[in-house]
Amino acid sequence: MFRFADVPLSLSGMTRIAGRRVFLRAPSMDDWAEWAELRARSRAFLTPWEPTWPEDSLGRDHFRRRLRQQVREWRAGEAYGLFAFTNDTRRLVGGINLSNVRRGVAQAAAVGYWMGQPYAGQGLMTDALRAALPFVFDELRLHRLEAACLPHNEPSKGVLAKVGFHEEGLARQYLRINGQWADHLLFALLRADYDQLLRTTR
């Protein structure tokens, strides 16, 4: 089981989080080439759903800066970036980001995710997101996990529904996506929802 003591400064030795078809772990510099290749192949597929990519977004130096920022955020308990790999081939297929961790009276975080185009529509992100839930609710001991997606992003809405998220409403011009402020549907999964999922799957 994951413990914070397992995380070195680089995060590369983190105990992996196992799913049915994929496993999750923190990224390392060794992942840069595979990550850059997958993101490049998937650029047209991903850009309608993501913030505008910086010009050097796939460069090694950019990846190194991202990794350093993730290490700082992880150690501060503010955010947790994870890559998803297939169990059989150990190929990188996508990523999950747990961000905006709020403690105090909120005990909540936001989740975002991306999937490389060659692996989309195969149920891998559903498995990855389910695998992350014990980390969110048992290890981080959060009360609420929030997600947002564009109203016309049917695949993402399908993933959230399959995992057990509940739709809570529409946020106008919630995030700047692909250069434009865009409305988003808001979803959430509570600790009580997670406990109910555990009871129904036993």
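The values are calculated or read from the model by the stated rules, or taken from the named source; none is laboratory data. Because the structure is predicted, anything quoted here is derived from the model rather than measured. Neighbour counts run over all protein chains shown; Cβ positions are idealised from the backbone, glycine included. Just the protein is used for accessible areas: all its heavy atoms, side chains included, with ligands, DNA and RNA removed. Shrake-Rupley method; radii C 1.70, N 1.55, O 1.52, S 1.80 Å.
For the condition of a type in the set (A, V, I, L, M), open to solvent by 50 Å² or more (accessible area, probe 1.4 Å) and under 19 Å from residue 48 (Cβ atoms), what is the one hit in 150, 197, 175, 190? Working first, answer last.
On the way: 150 fails: open to solvent by 50 Å² or more (accessible area, probe 1.4 Å); 197 fails: under 19 Å from residue 48 (Cβ atoms); 190 fails: under 19 Å from residue 48 (Cβ atoms).
Going through 150, 197, 175, 190 in turn, just one is of a type in the set (A, V, I, L, M), open to solvent by 50 Å² or more (accessible area, probe 1.4 Å) and under 19 Å from residue 48 (Cβ atoms): 175.
Residue by residue, here is whether (1) within 15 Å of the chain's Cα centre (by Cα); (2) of a type in the set (Gly, Ala, Ser); (3) closer than 24 Å to residue 143 by Cα; (4) open to solvent by 60 Å² or more (accessible area, probe 1.4 Å) holds:
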{"position": "17", "(1), (2), (3), (4)": "yes, no, yes, no"}
{"position": "24", "(1), (2), (3), (4)": "yes, no, yes, no"}
{"position": "49", "(1), (2), (3), (4)": "yes, no, no, yes"}
{"position": "59", "(1), (2), (3), (4)": "no, yes, no, no"}
{"position": "80", "(1), (2), (3), (4)": "yes, no, yes, no"}
{"position": "96", "(1), (2), (3), (4)": "yes, no, yes, no"}
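Show me the strands (runs of 3 or more DSSP E) found entirely inside segment 101-202 where at least 2 residues are touching a residue at least 24 places away in the same chain (Cβ under 8 Å), farther than 22 Å from residue 78 by Cβ and aliphatic (A, V, I, L, M). So that I can check it myself, show each step before the final result.
On the way: elements: 108-115, 144-149, 166-177, 180-190.
Counting at least 2 such residues, we get 180-190.
Please tell me if residue 11 is at pLDDT below 95, in contact with a helix residue (DSSP H, G or I) (Cβ under 9 Å, 6 or more places away or on another chain), within 21 Å of residue 128 (Cβ to Cβ) and open to solvent by less than 50 Å² (accessible area, probe 1.4 Å). Outline the logic, then answer.
Numbers: at pLDDT below 95: yes; in contact with a helix residue (DSSP H, G or I) (Cβ under 9 Å, 6 or more places away or on another chain): yes; within 21 Å of residue 128 (Cβ to Cβ): yes; open to solvent by less than 50 Å² (accessible area, probe 1.4 Å): yes.
It is true that residue 11 is at pLDDT below 95, in contact with a helix residue (DSSP H, G or I) (Cβ under 9 Å, 6 or more places away or on another chain), within 21 Å of residue 128 (Cβ to Cβ) and open to solvent by less than 50 Å² (accessible area, probe 1.4 Å).
Please verify whether segment 70-77 includes one or more residues that are of a type in the set (Asp, Glu) and surrounded by 15 or more Cβ atoms within 10 Å (Cβ to Cβ).
Let us first name the residues in segment 70-77 that are of a type in the set (Asp, Glu), namely 73.
Right, trim to surrounded by 15 or more Cβ atoms within 10 Å (Cβ to Cβ) and you get 73.
Yes; the residues of segment 70-77 include at least one that is of a type in the set (Asp, Glu) and surrounded by 15 or more Cβ atoms within 10 Å (Cβ to Cβ).
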